[in-house]
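Worksheet: one structure, shown below.
Each reported figure results from applying straightforward, stated rules to the coordinates on display, with no laboratory input. Given the structure is predicted, the values throughout are model-derived calculations rather than measurements. Every residue, glycine among them, receives a Cβ derived from its backbone with ideal geometry; neighbour counts consider all protein chains shown.
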Amino acid sequence: MIVFSLPVTTLVGTAADLSANPGQQAWILSAMSVGAASGLLVSGSLGDNFGRGRVFMYGLFLLAASSLIAALSPTAILLIGARLLQGMAGAAVMACSLGLVGQFFERGSERAHATGVWAAAFGAGVTTGPILAAGLEDLLSWRAAYWVSFVLAILLLQWAKRAIPLQDAHPRRSIDLSGALTLAMGVGCFLAGLTESRLGLGSPEVTLLFCLAVLFISIFVWVEKQSRAPLIALSLFKKPGFLGATLGAFFAGAGVLGLLTLVPTLLQTVYKTSSFTSSLVLQAWSATSVLTAFGVRWLSPTWTAERLLVFSLVGCGIGQLALGVLGENSSYLIVLPGLLVAGAANGVLNAALGRLAIETVPSTQVAMGSGANNTARYIGSAFGLTLVSIFLAGGAARGGESGMLDGWYLAVWVTTAFSIVGAGLIWCIHYKKDREGVELDDE
């Protein structure tokens with residue numbers, strides 16, 4: 001998550017140094033999401049079959065290599081390619097790290113504690129990345145953050161070699177290569193279409209990408225129905241817990257993540273704050289989420305993961321709504337209360353999603369469960385980020401900085417609606433589950 005969030009506060013300086021046009025800037029910001037979302041489910045399935053520790057370490061190696069390429073990139077195109085590779089590497093690290101938590105910690109309070117720590121680390125990465133990148137950019141260059149991520153990945157890889165077993169105890173299944181390929185192509189085309197749509201919804205390239213996405217996803221569904229060893233059993237979506245976790249991840253991405261990712265861009269453009277100042281302001285959200293993710297373990301067991309998911313999405317919505325108080329003559333610090341509320345709720349949300357991702361799938365497929373959940377989160381965040389970007393760009397085109405604020409108000413309302421609708425849907429699913437007494441069949 002450190003690597004994922006590096007461009008959030010350094011995009012302006014990176015674009016200036018590499019002479020990146022608006023389309024390339026959108027891809028610098030989104031390329032890692034495209035790579036990660038395309039590879040999460042595949043990486044999780046590979047981890048369940050060939051060893052979560054082994055795939056985790058391959059992911060760290062690729063993360064180090066792609067960070068080195070990013071640090072040395074002479075052009076925007078090469079940096080975008082490096083960010084795509086970082087996304088694929090990050091997919092293996094993320095899916096298999098949560099899969100390893102599910103492997104080594106039994107259900108109950110021990111696993112709840114472990115997933116809370118994992119969620120806190122998730123938030124800590126988001127906290128550290130922007131401020132690290134901004135500080136190093138002020139001292140040296142935007143490239144320095146990628147050099148640091150290269151070193152950190154190498155150090156973590158050496159640590160993982162000593163701490164994590166390479167092979168799992170579960171027997172291997174055959175790999176659904178056709179399912180993996182069609183899913184990666186479908187998700188990749190969809191997210192590429194979203195990225196390109198920020199420059200114009202009606203372009204032929206966007207239409208072609210969305211049509212290809214529909215085609216590949218349709219083929220994927222057909223392949224999974226025919227496969228004896230599918231990448232993901234479509235019957236899982238009939239289980240209330242898995243469906244609720246997937247919807248929660250999507251609406252969290254489309255809501256709070258899609259909106260708050262662009263807070264630094266708004267502050268730098270409208271209020272002329274430095275990248276370092278905007279990264280400090282964002283800490284009110286990301287640092288608070290670390291604390292609450294840790295604190296979830298002290299809640300009463302009556303607070304199930306599903307219930308936490310509902311209330312945290314509502315809390316995120318309240319925090320998002322509070323960000324609509326920004327005005328041309330107001331201080332940018334007026335966003336702090338909203339960021340604090342959204343951050344507190346987001347930490348609980350991350351912990352609940354982490355627990356549900358591995359508890360709503362069979363024990364032999366916990367990395368796949370993590371991959372599926374985080375795929376939904378990345379698709380949601382790409383969708384939300386695209387909408388917010390379109391609103392801001394459209395407002396700026398119509399009325400400059402004042403128009404950008406108008407676009408921000410619209411983005412606040414739309415993304416808040418995503419959070420509240422997501423909470424409502426999950427509450428309905430959870431209510432139906434309680435009423436019918438549905439439980440996970442762990443076979």
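Highest mean packing comes first when the peptides 390-399, 145-154 are listed by Cβ atoms within 10 Å, giving 145-154, 390-399. Could you point to the residue in Gln86, Gly99, Asn374 farthest towards the positive end of the chain's charge dipole, with +1 and -1 charges on the Cβ of Lys/Arg and Asp/Glu respectively? Of Gln86, Gly99, Asn374, it is Gly99. You can think of it this way: the chain between Ala229 and Ala397 has 55.4 nm of extra reach, that is 0.36 nm per residue less the Cα-Cα gap.
The modelled label-to-label distance between Thr75 and Ala121, using points 7 Å beyond Cα along the C-beta direction, is 3.7 nm. Once C-alpha pairs closer than 8 Å and six or more residues apart are averaged by separation and normalised to the residue number of the chain, the relative contact order reads 24 percent. Over the chain, dividing the summed -39,500 (n - 2.57) contributions of all DSSP H runs of at least 4 residues by the number of residues returns a 222 nm mean residue ellipticity of -27000 deg cm²/dmol. The modelled label-to-label distance between Leu340 and His113, using points 7 Å beyond Cα along the C-beta direction, is 3.0 nm. Computed over the Cα atoms of segment 176-228, pair by distinct pair, the Kirkwood hydrodynamic radius stands at 11.3 angstrom. With respect to the chain, whose longest principal axis is taken over its alpha-carbon atoms, helix 143-163 is tilted by about 20°. What shape does segment 59-98 take by its C-alpha gyration tensor, where a ≥ b ≥ c are the square roots of the eigenvalues and a/c under 1.5 counts as rounded, a/b above b/c as prolate, and the rest as oblate? Verdict is prolate for segment 59-98.
Length gained on full extension, Ala163 to Val221, computed as 0.36 nm times the residue gap minus the Cα-Cα distance: 17.1 nm. Counting only alpha carbon atoms, the long axis of helix 204-226 and the longest principal axis of the chain meet at about 10°. If you average the alpha carbon positions of segment 328-377 and of segment 51-114, how far apart do those two centres end up, in angstrom? Here the answer is 18 Å between Cα centres.
Shape analysis of segment 86-153 yields a ratio of the Cα radius of gyration to the Kirkwood radius, Rg/Rh, of 1.11. Hydrodynamic analysis of segment 213-312 uses the Kirkwood radius over alpha carbon pairs. Inserted into Stokes-Einstein at 37 °C and 0.692 mPa s, it gives a translational diffusion coefficient of 190 µm²/s. Relative contact order, whole percent, for segment 176-228 stands at 50, derived from Cα pairs under 8 Å and 6 or more residues apart.
Length gained on full extension, Val421 to Leu140: 96.8 nm, using 0.36 nm per residue less the C-alpha separation. With respect to the chain, whose longest principal axis is taken over its alpha-carbon atoms, helix 76-104 is tilted by about 40°.
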